[in-house]
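Heads up, the thing below is written out as structure tokens.
What follows draws every value from the coordinates through simple rules; no lab data is involved. As the structure is a computational prediction, the values presented were derived from the model and not from experiment. Backbone-built Cβ (ideal geometry, glycine too); neighbour counts: all protein chains shown.
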Protein chains: 4
Amino acid sequence: MARPRSAAAERAMLDATRAALVELGWSKLTLGDVAARAGVAKTTLYRRWPGKSALVVDAVAVLFDELELPDRGSLAADVGGVVRSFAALLERPETATALMALVAESTRDPGLRDRIRTAVVDRQKRLVLEGRARAQARGELPPDADPVAAARQADLVFDVIAGAVVHRVLVSGEPADDAWVTAFTALLVAGLGALTPPG
Amino acid sequence: MARPRSAAAERAMLDATRAALVELGWSKLTLGDVAARAGVAKTTLYRRWPGKSALVVDAVAVLFDELELPDRGSLAADVGGVVRSFAALLERPETATALMALVAESTRDPGLRDRIRTAVVDRQKRLVLEGRARAQARGELPPDADPVAAARQADLVFDVIAGAVVHRVLVSGEPADDAWVTAFTALLVAGLGALTPPG
Amino acid sequence: MARPRSAAAERAMLDATRAALVELGWSKLTLGDVAARAGVAKTTLYRRWPGKSALVVDAVAVLFDELELPDRGSLAADVGGVVRSFAALLERPETATALMALVAESTRDPGLRDRIRTAVVDRQKRLVLEGRARAQARGELPPDADPVAAARQADLVFDVIAGAVVHRVLVSGEPADDAWVTAFTALLVAGLGALTPPG
Amino acid sequence: MARPRSAAAERAMLDATRAALVELGWSKLTLGDVAARAGVAKTTLYRRWPGKSALVVDAVAVLFDELELPDRGSLAADVGGVVRSFAALLERPETATALMALVAESTRDPGLRDRIRTAVVDRQKRLVLEGRARAQARGELPPDADPVAAARQADLVFDVIAGAVVHRVLVSGEPADDAWVTAFTALLVAGLGALTPPG
DNA sequence: TGTTAACCGAGACGGTACGTCCAGTCTTTCG
DNA sequence: CGAAAGACTGGACGTACCGTCTCGGTTAACA
């Protein structure tokens, strides 16, 4: 019976949020500024998101969904590829400042933690699962014996890859350059190979 | 010639900062509140630290310095030990909320980035170097051929360990329990062993 | 298109300002306190007035506008009447403390000087003009020959009356009692009569 | 920096106070700034004066004591002379801002009121008394019949002169130029003459 | 094809915290 | 041993955003 919400406004707000993150970073980003950039009233922002954190989750989630894992022919190449593209994503200013700040906020806000996991983190596990399946198909890794153990190992590998890249880029503050990617990939692939020798 | 700064006030401010972090978390921590808890005027806070970030760096840095690496007899045991104690540190509320927020801030503030690295991150590399040296003494790892390559590998191992733990605990939000620590340690030690077979 | 400013808030702020002047005087009056008394946010105060001085001008101006000059039948009686009511106004605590402080501030702030003159001082010249016209109608003073000279004399009389009362009450700090009012009135009326003898 | 510094320091502080009044005006004058200008510690300032008001009273009092009343040969000339020199004094920036502010403060502080009267206001009554005596000697005014009434009239004349000048210069904000001084003098002298006709 | 209710922009509102400045006091060190 | 230097507590400043609330004006689905 009533007028529906404007899809254009939604897009404008998310675009404005990313633009503001690039220019100002998380801590200087204000909802008033986002509203002004989007040509929208603050009210409209608050009608859709309960606050800055939720808005930013939605604004950056799409960036993470752009990650892909083309088949590069070998487990090592696939790992190197995903590491490189994840590092490139984290080197973008909006992603870096937002991801860490959201995680920081989420330590005090279980709702936010769930939202981040659902919208950002867990979705990327697909990359690990895909790479793993491909490696198994190639015979580089043994097939899953126990599905529970397999899931656990996938989670571990995900934490190792994502964690190492995050730490390298954001905490250590050094670039994930070719030398580093190569060394990390070698370490991980060697570890996986040594742990699960072909039967 | 003038009155010196009060050491008692300094201690009180850092203690108050940690207490406020535990109770309120990073984003709700205010310098006015810290000053009030410390029984100190805001002026005194601002005389010593330029802002919230710098204060919190100093307040949490000492917690990271408490990490130690007792000799547990084998490389695997040493890695497991450091992973466990680092995870325990990150599971403390003040550390978790502060570390991620500081890293987020630091993406926009090179001065802060340096401060964090100097006071928090780089100091912990000693744990890796120590563990590595011990493993070499035991014959678990080969001696350093090229010192530059050795330093690079130590940095890599540091990013992998710290990154995996941070990601597991803070991003994935799952506990670093025995099963996980064991699996991670096995993966890492296997990787190190496979990469650098004893000559 | 937007929400209009609240008239109730405006009234509350001016009332609170007068109340705070009475209790605290100019120098201990703080805008935070006024806001609190008025049940209003500091922001609302600053949205309408640029600072303490401007607010107080508006708060006290209405008090000066309450001065009136009923026809008391003779020039001397009219002068005595206005002197008494002006003295009574200056003996009110809010008026005394505010007027002098505003004048002090205005010596450094031309904008404030204009604001005071427009809102407080010049408006009271009406009393002199009215009394003068009445005296002329009664034949106590000769009609205006030169309108410019007449305006100048009105200004002079205004400065003499207002200045004498202000100085008596606020600088000398003595009451403007009947004896003083009578003596002053006699002096002024005698001077006016002697200067402009009926043709 | 030994002890015989005291007298020099006192002079330096009062000079610095006047200089700061000229530059900054009353409301932006700070004791820290005065101390710095005088090359003195804040402590030294507080040892001698209880606060800003008391310091400024002492700093400006000497300026008022410089007023003099040379014999200009007639009552009218003497009145004109004192009006001109008082106006010139009030047109100096340090005097104007300080006098009004002190009076404003004094409405809430009886101690300050007494201090101002003793050090600034009452001392200038000598000018009225001197001029009056001179006019009586010249036969322009009748000798005192009743000493009490004479004192009262002197006070009245003082309030009228000082008040009119203060109001003209500081409240009305117009210059006390020749035309105004002449008109005011004429009015006052005419009033005095008409009130007390030579017997 | 009007009605009309939800949406929209604008921006005022009560609040909270900011980072700065100054008041006035206290503590050291120097001359 | 008094004065400089300046750190200390305390509190107001004026600003910036927060998240909420009124407004008048504008759609778009329904009657």
Computed from every Cα-Cα pair in region D:5-48, P(r) in 10 Å bins starting at 0 and rounded to whole percents is 33, 56, 11
Taking alpha-carbon centroids only, region B:61-117 lies from region A:126-199 a number of Å equal to 23 Å
Here the relative contact order (percent) of chain A, from C-alpha pairs under 8 Å and at least 6 apart, is 22 percent
Ratio for region A:44-199, C-alpha Rg to 2.2 N^0.38 Å, reads 1.13
So, in nm and shortest first, the distances from D:Arg11 to its counterparts in the other copies, with label points 7 Å along Cα→Cβ, work out as 5.1, 6.2, 8.0
For C:Glu10, B:Glu68, B:Glu140, ascending order of other Cβ atoms within 10 Å (fewest first) is B:Glu68, C:Glu10, B:Glu140
Checking C:Ala88, C:Ala135, C:Ala150 against a Gaussian network model of chain C (alpha-carbon springs below 10 Å), the top fluctuating residue turns out to be C:Ala150
From fewest to most C-beta neighbours within 10 Å, the residues C:Phe184, B:Phe158, D:Phe64 line up as D:Phe64, B:Phe158, C:Phe184
Helix B:75-90 sits off the longest principal axis of the Cα atoms of chain B, rounded to the nearest 10 on a 0 to 90 degree scale, by 20 degrees
What a careful reader reports for the chain C Cβ nearest the rotation axis onto chain A, distance rounded to whole angstrom, is C:Thr43, 5
Computed over region C:12-71, the relative contact order (Cα-Cα under 8 Å, seq sep at least six) in percent reads 41 percent
Expected integer from the mean partner chain Cβ neighbour count at 10 Å over A:52-61 is 0
A student asked for the Cα radius of gyration and Dmax of the protein assembly as shown in angstrom ought to give 41.3, 140
FRET efficiency (B:Arg126, A:Thr196; Cβ distance; R0 45 Å; to 0.05) is 0.85
So the angle from the long Cα axis of helix A:147-166 to the longest Cα principal axis of chain A, reported in degrees to the nearest 10, equals 60 degrees
Flagged as over-length at 22 Å C-alpha distance, from C:Lys28/D:Lys28; B:Lys28/B:Lys52; A:Lys52/B:Lys52; B:Lys42/C:Lys52; C:Lys28/C:Lys52, the pairs are B:Lys42/C:Lys52
Treating only Lys and Arg (+1) and Asp and Glu (-1) as charged, each at its beta carbon, one finds that the protein assembly as shown has a dipole about its Cα centre, in Debye to the nearest 20, of 320 debye
Mean other chain Cβ within 10 Å across B:171-179 is 4
Share (percent) of C-alpha pair distances in region B:112-161 greater than 17 Å works out to 39 percent
Dividing the helical contributions, -39500 (n - 2.57) per DSSP H run of n ≥ 4, by the residues of chain D yields a 222 nm value, nearest 500 deg cm²/dmol, of -22500 deg cm²/dmol
Sorting from shortest, the nanometre distances separating the label point of C:Leu129 (7 Å past Cα along the line to Cβ) from those of the same residue in the other copies are 4.3, 8.8, 8.8
Two pseudo-spin positions, 7 Å from Cα along C-beta at C:Ala36 and at A:Arg5, lie apart in nanometres by 4.1 nm
Computed over region C:112-199, the Cα gyration tensor eigenvalues, each multiplied by 5 and square-rooted, give semi-axes in Å (largest first) of 24, 20, 10
